[in-house]
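As structure tokens, the structure follows; a few thoughts come after it.
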Amino acid sequence: MPLVRMDDMLNHAYLNGYAVGAFDLVSLDFLEAIIAGAEACQAPVILSLAESHFEYFDFELIMPAVEAAARRSTVPAAIHLDHGASLESAQQGIRLGCNGIMVDNSLAPLAENIERTREVTAMAHACDIPVEGELGYVAGVEGEDAERHPGDIVYTSAEEARHYVQSTGVDFLAVSIGTVHGRMKGEPKLDFELLAQINGALNLPLVIHGGTGLNPDQFRRLIANGVAKINYYTALADAAGEQLADNLQRGARGYTQSVKGIQAAIRGEVERCIRLWGGAGRADELLQRCRPWDNVEHLIFFNLTCAEPEAAEIIAEGERVLGTIPGVRRVFAGRTLKDSDHYRYCWRVQFASAAVVDSYREHPVHVGYADTYFRPHAGDRVTEDFAPAIAATKQAAGEAGGRR
Ligand SMILES: [Zn+2]
């Protein structure tokens, strides 16, 4: 259950004056260290995967591990696609298990940024998934990650921010007020007055990218002015790198000796940040307030009136096209092992959330497939949508008791 809705998580942080760490991970060492750090602090956490890091790991291969880690953790967790560049990447992120999406068109002119962000937001909201937009531009200065964010800092203005949020419908906003991706050169100068203006104009959770190198007082003032999510990576990468260098200097040979202690080094920095940002000890109250994030299974048992070769074609086409619909995570077409008096075939389509039941039914790809291929040949059938039984039963009981 501790995979929870990211909007519930960040709204709680925003209203209660703390920030949730969104730690970018690039390997299983990072994943385990981030979860262990959050559990040690009993704090909510966001497991963040940046599209710009996909050359370091296979996104599709690592996501089942990320999802498993979130689901078995004892603290509320969410899974976020960081700096998604396109509608396609947002859709892929949702398919692979992300329940929060950042869309980054911040280098584009404002009108284009709004148009592309609005498109992603409409798609993600149809899956009940919140979206983080970015306005202004958080450049990279030096060190790990910096080269991935070329150019100069462009500050966010409050007026533009209001216009952007109203036009796009984003749920959270990453703002540029003087932080940089990578390591700071000298003392960072943050524009807290500008941040206060933006917060006053928007009244929604704000996000800071480039948290590495800020001092405790700067973090305190960021959070006091509406920052509820802090993206953090470079310092974790540095802690891992230093541990590795240290191991090698002490004569470590081979892989396992060389990477020894790396998880502990990352975890130490994660814990330090979580405590600094006020998230420690919040897990229990959050678990009571955040709605769980559950997939829905859309099941159809059916017979086909046509012969087997044509049936195989109909099913193959369904497997090909239905998986392209936003919010669909997996498509399984089954045939009974033995001939059955009831139903010979089934579809099992996994949706990211209950909202996809509606958006899927109305999606042109689904309508086209159903009208052209499926319905003309489908005989008896039964269709139901299932949420995990324990969560669904609890919710039904709660509704019956009038508590929600
Ligand atoms: Zn960033």
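The values are calculated or read from the model by the stated rules, or taken from the named source; none is laboratory data. If you're wondering where the values come from, they're calculated on a predicted model, not measured in any experiment. So basically every Cβ, Gly included, is an ideal-geometry build from the backbone, and we count neighbours across all protein chains shown. Quick note on the areas: whole protein, heavy atoms, side chains included, nothing else; ligands and nucleic acids left out. Shrake-Rupley method; radii C 1.70, N 1.55, O 1.52, S 1.80 Å.
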The number of residues in the stretch 1-18 that are of a type outside the set (A, V, I, L, M) and outside any helix (DSSP H, G or I) is 4
By residue number, the members of the stretch 232-246 that are open to solvent by less than 10 Å² (accessible area, probe 1.4 Å) and within 13 Å of the ligand (Cβ to nearest atom) are Y232, T234
Checked V138, V131 against criteria (open to solvent by less than 10 Å² (accessible area, probe 1.4 Å) and more than 13 Å from the chain's Cα centre (by Cα)); the one match is V138
The helices (runs of 4 or more DSSP H) lying wholly within the stretch 209-270 that contain at least 2 residues that are in contact (Cβ under 8 Å) with a residue 40 or more places away in the chain are 216-224, 234-249
Scanning the stretch 142-156 for residues that are crowded, with 18+ Cβ neighbours inside 10 Å and away from the ligand (no atom under 13 Å from the Cβ), the one modelled with the highest pLDDT turns out to be T156
When you scan the stretch 313-331, do you find a residue that is open to solvent by 50 Å² or more (accessible area, probe 1.4 Å) and under 21 Å from the mean Cα position of the chain (by Cα), even just one? yes
inquiry  = Looking at the structure I just gave you, is A68 modelled with pLDDT of 95 or more, of a type in the set (A, V, I, L, M) and surrounded by fewer than 19 Cβ atoms within 10 Å (Cβ to Cβ)?
reply    = yes
Considering the stretch 187-198, residues that are open to solvent by 30 Å² or more (accessible area, probe 1.4 Å) and not in a loop (DSSP other than H, G, I, E, B), and then whichever is farthest from L173 (Cα to Cα), we arrive at E193
Among E67, E39, E60, the single one that is more than 15 Å from the chain's Cα centre (by Cα), touching a residue at least 12 places away in the same chain (Cβ under 8 Å) and in a helix (DSSP H, G or I) is E39
Heads up, the strands (runs of 3 or more DSSP E) in the stretch 322-404 (entirely inside) with at least 3 residues that are in contact (Cβ under 8 Å) with a residue 40 or more places away in the chain are 345-351, 378-386
The lone condition N203 fails out of (1) over 24 Å from the mean Cα position of the chain (by Cα); (2) surrounded by fewer than 17 Cβ atoms within 10 Å (Cβ to Cβ) is (1)
If we ask which residues in the stretch 161-185 are surrounded by fewer than 18 Cβ atoms within 10 Å (Cβ to Cβ) and under 22 Å from A124 (Cβ atoms), their number turns out to be 5
Within the stretch 91-117, of all residues that are open to solvent by less than 10 Å² (accessible area, probe 1.4 Å) and more than 16 Å from the ligand (Cβ to nearest atom), the one nearest to S176 (Cα to Cα) is N99
Expected single match for aliphatic (A, V, I, L, M) and away from the ligand (no atom under 16 Å from the Cβ) among A50, A85, A68, A19 is A68
Exercise. Out of all the residues in the stretch 207-228, is one or more open to solvent by 60 Å² or more (accessible area, probe 1.4 Å) and in contact with a Phe, Trp or Tyr (Cβ under 8 Å, 6 or more places away or on another chain)?
Worked result: yes
